[in-house]
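J.: After the structure tokens below, expect a handful of questions from me.
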Ligand code: LLP
């Protein structure tokens, strides 16, 4: 992780030691680096600079207004999957003309809101959804620009819970049914077909599955054009993996990915749309937590920290590996810990038998690679207050989402 690491023995985000942040924002908190977000976005933008490209940041990965605004200022568009995300993207300054709307279950109010805001494209995932979008568009006197999301039946080789491009997954139109779907769409008065879309999964660590998908899409574009459809955009979704474990992971770079895309699809005279989420924000953020107790069990030593599965779900939900380090540089003198949170479930475990510098109650520990699918998946389970978020910008930091007080959580209920 660039922009994260030790300086004079203390863990810093850009130029700011996290222990200084913890004096004004109690732990646990997420901490993002503006420079890291910008650098990751620029890697995509530069890799595709010679082609007509729109990068639509997948807002679901991290939807904090500060994060979306940073990307909006860079020229990014947005991929959204709900009215809430669409509202977030618009409020953060992303123009509607750069917003694509994905997801299998767009409801009538959501479709209305998107049409009234004149978004760029709907990525349509089924025939019933096509009909619904058409009827809302006709009722409002509007034309909905669409692409069909195609399910190419390709195994992305990723965790089963985040694989989306296999025939048994709920996503997209089976590729064998694509031509019929486009033919139906061409007859609808409220629909204008613009393109084609895929997204085969997330945290994809090899280029092979992407290549298979690109070949299938290139074939389909040829067939659809031969059928008389105008295809001017190809949306390749997101999914590029990142290195969570620097010792064993080796994700393709944005440049390698771009070279493959352009090799297969560069000659089709289409605008290319991408929906990266994790590869922009994943390694741009960490979760900072404090050790509450060190507990010596009969089989292992538990490092009980104040962050829990409700704050960061990835380890318990996907058995995800996240690097964990102490705030003070241990100089390599490590101890084995089971790193666990306070929630009353054994699943509330961040890591087992993990080597980490010797810790004491009150010390800070940092869970790395937590910028994507971290804060956005947090909940108030166990009536724990929602975890706050902090943004570091070079020498300074600001709290970009404070921790709510108890009244605002409990007060939502009606006794
Ligand atoms: N586009 C669509 C239509 C998606 O469904 C997703 C992610 C993306 C783009 C962005 O994919 P990315 O570039 O971030 O891989 N919570 C899980 C990940 C779920 C991904 C869902 N879809 C996790 O923590 O691993």
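J.: Can you confirm whether residue 258 is at pLDDT 95 or above, out of contact with any strand residue (DSSP E or B) (no Cβ under 7 Å at 6 or more places or on another chain) and under 15 Å from residue 154 (Cβ atoms)? Full working, then the answer.
T.: Working: at pLDDT 95 or above: yes; out of contact with any strand residue (DSSP E or B) (no Cβ under 7 Å at 6 or more places or on another chain): yes; under 15 Å from residue 154 (Cβ atoms): no.
For residue 258, the condition - at pLDDT 95 or above, out of contact with any strand residue (DSSP E or B) (no Cβ under 7 Å at 6 or more places or on another chain) and under 15 Å from residue 154 (Cβ atoms) - is not met.
J.: From 36, 45, grab the single residue that is surrounded by fewer than 20 Cβ atoms within 10 Å (Cβ to Cβ), assigned to a helix (DSSP H, G or I) and touching a strand residue (DSSP E or B) at 6+ places or on another chain (Cβ under 9 Å).
T.: Answer to the check: 45.
J.: For region 298-330, how many residues are without any contact (Cβ under 8 Å) to a residue 40 or more places away in the chain and over 21 Å from residue 202 (Cα atoms)?
T.: 6
J.: Mind checking which residues of region 202-233 are in contact (Cβ under 8 Å) with a residue 60 or more places away in the chain and within 16 Å of the ligand (Cβ to nearest atom)?
T.: Filtering region 202-233 for residues in contact (Cβ under 8 Å) with a residue 60 or more places away in the chain gives 202-203, 212-213, 216-217, 220, 233.
If the condition is that a residue be in contact (Cβ under 8 Å) with a residue 60 or more places away in the chain and within 16 Å of the ligand (Cβ to nearest atom), then 202, 203, 213, 217, 233 are the ones that fit.
J.: Kindly establish whether residue 104 is closer than 29 Å to residue 220 by Cβ and either at pLDDT 95 or above or within 18 Å of the chain's Cα centre (by Cα) (or both).
T.: On the way: closer than 29 Å to residue 220 by Cβ: yes; either at pLDDT 95 or above or within 18 Å of the chain's Cα centre (by Cα) (or both): yes.
Yes; evaluated as a whole, the condition is true for this residue.
J.: Which is assigned to a loop (DSSP other than H, G, I, E, B) and out of contact with any strand residue (DSSP E or B) (no Cβ under 8 Å at 6 or more places or on another chain), of 413, 311? Lay out the reasoning, then the answer.
T.: Values: 311 fails: out of contact with any strand residue (DSSP E or B) (no Cβ under 8 Å at 6 or more places or on another chain).
Answer to the selection: 413.
J.: Taking region 365-384, which residues are away from the ligand (no atom under 16 Å from the Cβ) and either assigned to a helix (DSSP H, G or I) or farther than 29 Å from residue 355 by Cα (or both)? So that I can check it myself, show each step before the final result.
T.: Keep residues of region 365-384 that are away from the ligand (no atom under 16 Å from the Cβ), which gives 365-366, 380-384.
Residues satisfying the conditions are 380, 381, 382, 383.
J.: Can you spot a residue in region 222-238 that is under 30 Å from residue 315 (Cα atoms) and out of contact with any strand residue (DSSP E or B) (no Cβ under 6 Å at 6 or more places or on another chain)?
T.: For region 222-238, residues under 30 Å from residue 315 (Cα atoms) and out of contact with any strand residue (DSSP E or B) (no Cβ under 6 Å at 6 or more places or on another chain): present.
J.: Of all the helices (runs of 4 or more DSSP H) wholly in region 82-177, which have at least 1 residues that are assigned by TED's automatic domain parsing to the domain that holds residue 190, exposed (fewer than 14 other Cβ atoms within 10 Å of the Cβ) and touching a helix residue (DSSP H, G or I) at 6+ places or on another chain (Cβ under 7 Å)? First the steps, then the outcome.
T.: Details: elements: 83-91, 108-116, 127-140.
Hits in region 82-177: 108-116.
Each row is one residue, and each column tells you yes or no for (1) within 16 Å of the ligand (Cβ to nearest atom); (2) on the phi < 0 side of the Ramachandran plot.
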| site | (1), (2) |
| --- | --- |
| 81 | yes, yes |
| 92 | no, yes |
| 102 | yes, yes |
| 110 | yes, yes |
| 142 | no, yes |
| 157 | yes, no |
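J.: I need a count of the residues in region 322-347 that are assigned to a loop (DSSP other than H, G, I, E, B), farther than 12 Å from residue 302 by Cα and in contact with a strand residue (DSSP E or B) (Cβ under 7 Å, 6 or more places away or on another chain).
T.: Number satisfying all stated conditions: 5.
The values are calculated or read from the model by the stated rules, or taken from the named source; none is laboratory data. Because the structure is a prediction, the values reported are computed rather than measured. All Cβ positions, glycine included, derive from the backbone under ideal geometry; neighbour counts span all protein chains shown.
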